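Step one of this worksheet: look at the structure below.
The values are calculated or read from the model by the stated rules, or taken from the named source; none is laboratory data. These numbers were taken from a predicted model, which means no experiment stands behind them. When we count neighbours, we look across all protein chains shown, and the Cβ atoms used for this are built from the backbone with ideal geometry, even at glycine. Areas reflect the complete protein model, heavy atoms only, side chains present, ligands, DNA and RNA absent. Shrake-Rupley method; radii C 1.70, N 1.55, O 1.52, S 1.80 Å.
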Amino acid sequence: MVSRFHESARFRNLALLLIFSAALILRVCFVAATTPSLPDDTDSYRAIASNILAGRGFSMDAATPSAYRPPGYPLFLAACRIVADDPMVAIWVQCFLSAMVVLLAALVAQSVVNELFSVIAAIIVAVDPFLIGVAGQFMTETLFAFLTLAAFFLLLRAIRSNRLSRYIAAGLVAGTAALTRPEFLLFVPVALLGVVVWGRRRRRYVATILFLLAAVVPVGAWGVRNKSAIGKWIFTTTHGGYT
């Protein structure tokens, strides 16, 4: 029985490794084939990142402090530019993060269903045409998908292990995801409900408070910045509409 379990786990790990590799190659090849020149910066994310690196602050026009875009993705682009002064580096990093989404989807599926479904989930995510396409664009979706599944996975691990440090980690990632796309804030009350309902009786409410406080930290820091720079308590973005 034990040997059968190890054999099954070995097969799953090998399958996931192959799927991850295939997903990464697929995304890199798609970007290389469809992006002969630098993708457009229609949402000014690269412009904001350049202004941050130049010491001009979080601004779209290099002069006026802005909260029109949430800070998560521009800060990600700025971090990539620090590593290498080439805008395409961020695209290649996105290809890797998009492939990591495949593994995270598998881990989440394994946690809530079973090992077989984890492989099926990985295959579905690996060939998702939308995820493949946005990996080569200066858009928030790839980073957001990665942070969303990372927060979900960490929260599942926290609930099962009842370790407070994991609740804190899940909350920090959840807050960061909310600063990438504000609609993730809708996930936070659902997550809190999940902790209360499925969390172990011991430490359940302490864990709930720690998760919420950790999620508030990055969002609160952004609000403080906006109060200081713009004069208003803005915790997400001043951009409306589809956001």
| field | Filtered residue count, the stretch 97-141, keeping only those that are closer than 22 Å to Pro71 by Cβ and not small (Gly, Ala, Ser) | value | 9
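Mind counting the residues in the stretch 151-171 that are in a helix (DSSP H, G or I) and touching a Lys or Arg at 6+ places or on another chain (Cβ under 7 Å)? Let's see the steps before the verdict.
Initially, the stretch 151-171 is screened for residues in a helix (DSSP H, G or I), giving 151-161, 164-171.
Those still in the list that are touching a Lys or Arg at 6+ places or on another chain (Cβ under 7 Å) too: 154, 157-158, 164, 166.
Of the residues in that region, 5 qualify.
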| field | Failed condition for Ser118, given (1) within 24 Å of Thr208 (Cα to Cα); (2) of a type outside the set (Lys, Arg); (3) assigned to a helix (DSSP H, G or I) | value | (1)
| field | Selection from the stretch 125-135 of residues that are surrounded by 14 or more Cβ atoms within 10 Å (Cβ to Cβ) and part of a helix (DSSP H, G or I) | value | Val125, Ala126, Leu131, Ile132, Gly133, Val134
| request: Go through (1) in a helix (DSSP H, G or I); (2) surrounded by fewer than 22 Cβ atoms within 10 Å (Cβ to Cβ) and name the single condition Arg202 misses. | output: (1)
| request: Show the residue pairs that are 6+ apart or on different chains and have beta-carbon atoms under 8 Å apart, the first residue being within the stretch 108-137 and over 23 Å from Arg157 (Cα atoms) and at pLDDT below 95, the second being open to solvent by 20 Å² or more (accessible area, probe 1.4 Å) and not in a helix (DSSP H, G or I). | output: Gly136/Thr35
| Does any residue in the stretch 55-67 that is on the phi > 0 side of the Ramachandran plot and of a type outside the set (Ser, Thr, Tyr) come within less than 7 Å, Cβ to Cβ, of a residue that is at pLDDT 90 or above and open to solvent by 70 Å² or more (accessible area, probe 1.4 Å) six or more places away or on a different chain, and which pairs are these? | Ala62/Arg56
| task | Could you pull out every one of the helices (runs of 4 or more DSSP H) wholly within the stretch 1-109 that has 1 or more residues that are over 30 Å from Val224 (Cβ atoms)? | result | 2-34
| said: The conditions are (1) in a helix (DSSP H, G or I); (2) over 16 Å from the mean Cα position of the chain (by Cα), and His239 fails exactly one of them. Which is it? | reply: (1)
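For the condition surrounded by 19 or more Cβ atoms within 10 Å (Cβ to Cβ), modelled with pLDDT of 90 or more, assigned to a loop (DSSP other than H, G, I, E, B) and out of contact with any Asp or Glu (no Cβ under 9 Å at 6 or more places or on another chain), what is the one hit in Thr148, Thr142, Thr180? Before you say what the answer is, go through the steps one by one.
Values: Thr148 fails: assigned to a loop (DSSP other than H, G, I, E, B); Thr142 fails: assigned to a loop (DSSP other than H, G, I, E, B).
Result: Thr180 is the single residue among Thr148, Thr142, Thr180 that is surrounded by 19 or more Cβ atoms within 10 Å (Cβ to Cβ), modelled with pLDDT of 90 or more, assigned to a loop (DSSP other than H, G, I, E, B) and out of contact with any Asp or Glu (no Cβ under 9 Å at 6 or more places or on another chain).
So which of Ala32, Ala49, Ala22 ends up being open to solvent by less than 30 Å² (accessible area, probe 1.4 Å) and of a type in the set (A, V, I, L, M)? Even if it seems obvious, please write down each step before you answer.
Numbers: Ala32 fails: open to solvent by less than 30 Å² (accessible area, probe 1.4 Å); Ala22 fails: open to solvent by less than 30 Å² (accessible area, probe 1.4 Å).
From the options Ala32, Ala49, Ala22, the qualifying one is Ala49.
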